[in-house]
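Input: a single structure, listed below in structure tokens.
The values are calculated or read from the model by the stated rules, or taken from the named source; none is laboratory data. Being a predicted model, the structure only gives us computed values, none of them experimental. Cβ placement follows ideal geometry from the backbone for every residue including glycine, while neighbour counts extend to all protein chains displayed. Heavy atoms of the whole protein, side chains included, go into the accessibility calculation; ligands, DNA and RNA do not. Shrake-Rupley method; radii C 1.70, N 1.55, O 1.52, S 1.80 Å.
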Amino acid sequence: MGSIRLICSLIGVLVLSWKSPGFSAASRINVALSGTAIQSSTYMGGLAERSIDGNNDPQFEHNSCSCTAFQARAWWRLELPGVYRVSEIEVTNRNAYRFRLNNVEILIGDSLSNNGNDNPRCAIINDDPGCLTQTVKCWGMEGRFINFYQSSDATEYLQLCEVKVYGGRNPVHHYMIIKEGLVYKFHCCVQETGRNITLVGRRLCWSDALLYCRDFHWDLLSLRDPEEHESIDELVARARFPLTSHLWVGLRRSILGSSWFWMSGDPMDFSQWDDGSHHSSPCGGVSSVEPSSWRPRSCEEHLNFICFTGQTEGVKKLHYYSSTRENQIRCT
């Protein structure tokens, strides 16, 4: 990853100065040209592959734009030839009915669950009256599938005139080994039903760990029952790198109250608090020492952390404000 200067805050506002993540010159090649595109339906000959033909022509009648049928939850998906770290995506809207691009989610990941529409979100885009082509920063999010998704139940067409994707091939996934139910990538992972849990070797403060998980996975880990909690002990036992005494998970306390919640939006139906926990911090972690237990920790403490992929059906993660994401989308 590139040079990052991190400043953490107890009140949950992150200030981050990001330099180029060090993608090679090859990352400025439009990798979408080597992918394949499909969509939920097709209207008036607006085939999915027209959006990756290298032609930015915004005129639908010139046969260079894709368009789905008038439907709820329309989607368009690009499958890349491998797993890429996506730095930027350029999106060209049609020059008519431009409002159809409003509130469209851009999703990146490796899952085909729900046609790929359960993957982590890079951004939500809207038509920009000042330009037809917008550039969206995705900060190196990893994945093979890139979806444009209208998540609303309202019926609408989804139209795209060109999608260009810039990024580098991710070498990490070339070295995946599955052994005894564990998946070893760059970090140590445990595969469980519907979820992939990753113990990250980096040490970050709580807010940076949350944003890291949301960029490269789904979210900081939530624990829904004792069985999932037991998987943490197994994960720690299999770690191939030194661990901090505690590991960040998605535990957060209300600033004005005493109730705790999961940032992933999962219900707090289970808890494993350390009886000696009296810290006033609103950030929570789990012990990496047997037996593992939950304990509040200073939000500025730099700890290893646990991410997961595999969203709980019907659950939406809690929004977390970051000043770094305000200029994520620009007109180009």
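For residue 301, the requirement of being of a type in the set (Asp, Glu), modelled with pLDDT under 90 and part of a loop (DSSP other than H, G, I, E, B) is not met. Entry remark, the range 271-282: residues being surrounded by 13 or more Cβ atoms within 10 Å (Cβ to Cβ) and modelled with pLDDT of 85 or more number 4 in total. Of the residues making up the range 283-298, just one is modelled with pLDDT under 90, open to solvent by less than 30 Å² (accessible area, probe 1.4 Å) and out of contact with any helix residue (DSSP H, G or I) (no Cβ under 8 Å at 6 or more places or on another chain), namely 293. Could you check, for the range 89-103, whether at least one of its residues is within 12 Å of the chain's Cα centre (by Cα) and part of a strand (DSSP E or B)? No.
In the range 41-83, the qualifying residues are those that are among the small types (Gly, Ala, Ser) and under 22 Å from the mean Cα position of the chain (by Cα), and the one that is surrounded by the fewest Cβ atoms within 10 Å (Cβ to Cβ) is 82.
Within the range 118-135, the residues that satisfy the criterion of being in contact with a Leu (Cβ under 8 Å, 6 or more places away or on another chain), surrounded by 21 or more Cβ atoms within 10 Å (Cβ to Cβ) and either of a type in the set (S, T, N, Q) or not in a strand (DSSP E or B) (or both) are 119, 120.
Would a scan of the range 181-202 turn up a residue that is modelled with pLDDT of 90 or more and within 15 Å of residue 292 (Cβ to Cβ)?
Taking the range 181-202 and keeping what is modelled with pLDDT of 90 or more, we get none.
No.
In this structure, is residue 211 assigned to a helix (DSSP H, G or I), at pLDDT below 85 and surrounded by 17 or more Cβ atoms within 10 Å (Cβ to Cβ)? Judged against the criteria, residue 211 is not a match.
Those residues that are under 23 Å from residue 44 (Cα atoms) and open to solvent by less than 10 Å² (accessible area, probe 1.4 Å), I need them from the range 136-172; list them, please. 147, 148, 158, 159, 160, 161, 162, 163, listed by residue number. Here residue 261 fulfils each of the conditions (1) at pLDDT below 90; (2) in a strand (DSSP E or B) apart from (1). Of all residues in the range 84-102 being touching a strand residue (DSSP E or B) at 6+ places or on another chain (Cβ under 6 Å) and basic (Lys, Arg), which is surrounded by the fewest Cβ atoms within 10 Å (Cβ to Cβ)? If we take residues in the range 84-102 being touching a strand residue (DSSP E or B) at 6+ places or on another chain (Cβ under 6 Å) and basic (Lys, Arg), then 100 is surrounded by the fewest Cβ atoms within 10 Å (Cβ to Cβ). Within the range 226-267, if we keep just the residues that are closer than 17 Å to residue 310 by Cα and loosely packed, with under 14 Cβ neighbours inside 10 Å, the residue that is farthest from the chain's Cα centre (by Cα) turns out to be 227. Residues that are in contact with a Pro (Cβ under 9 Å, 6 or more places away or on another chain) and modelled with pLDDT of 95 or more within the range 133-153 comprise just one, 133.
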